[in-house]
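The next block holds one structure in the form of structure tokens; read it before the comments.
What follows is calculated from the coordinates using simple rules that are stated; it is not laboratory data. Note that the structure is a prediction, hence the values are computed from the model and not measured. Because the Cβ atoms are built from the backbone with ideal geometry, glycine has one as well, and the counts that use them run over all protein chains shown.
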Amino acid sequence: MTEHPDESPGFLLWHVTLRWQRDVAAALKPLGLTHVQFVLLASTWWLNEHGRQPSQAALAAHAGTDVKMTSQVIRTLEQKGFVTREVDVADTRARRLVVTGAGAVLAPRAIEAVEAVDRALLEPLTKSGMRAFTAGLRRLRG
């Protein structure tokens, strides 16, 4: 057991995560997106840009989100006019996700806003420290 909370990696990660979430929410608010909406819109946009039209289940796997929650959020993004759910010709039970023109304009703007938050938060790290931090996060993600 650590002597002080500031020596606990988990406690520190908790605080950094809370700060990051607050900053991301603030950056996305003017764009009319929640953090989860952003993740799913940006993920769909990225997959579309790379020639893929994911199903909701494939999008959830890509984003690391719950399938049911993904379905609900995609419906909201569809109502906002940022994505469409098209019937898969190979499996009529599945829906393929396609970003609309409005979504294709918004997604890169939102990505830049979130990346600006990341840069500001992680600015104290050196370039080599940033690479090590990112590599460590990849290892922790598994």
| query | At D118 and R75, where each label point lies 7 Å from the Cα along Cα→Cβ, what is the point-to-point distance in nanometres? | reply | 3.1 nm
| query | Given Cα pairs under 8 Å that are at least 6 residues apart, what percent is the relative contact order of the stretch 1-122? | reply | 28 percent
| Could you work out Rg/(2.2 N^0.38 Å) for the chain, with Rg from alpha carbons only? | 1.21
| request: State the answer as a single residue: which of H4, V114, G81 lies farthest towards the positive end of the charge dipole of the chain, with beta carbon charges of +1 for Lys and Arg and -1 for Asp and Glu, about the Cα centre. | output: G81
| task | Go ahead and estimate [θ] at 222 nm for the chain from helices alone: -39,500 (n - 2.57) per DSSP H run with n ≥ 4, summed, over the residue count, rounded to 500. | result | -21500 deg cm²/dmol
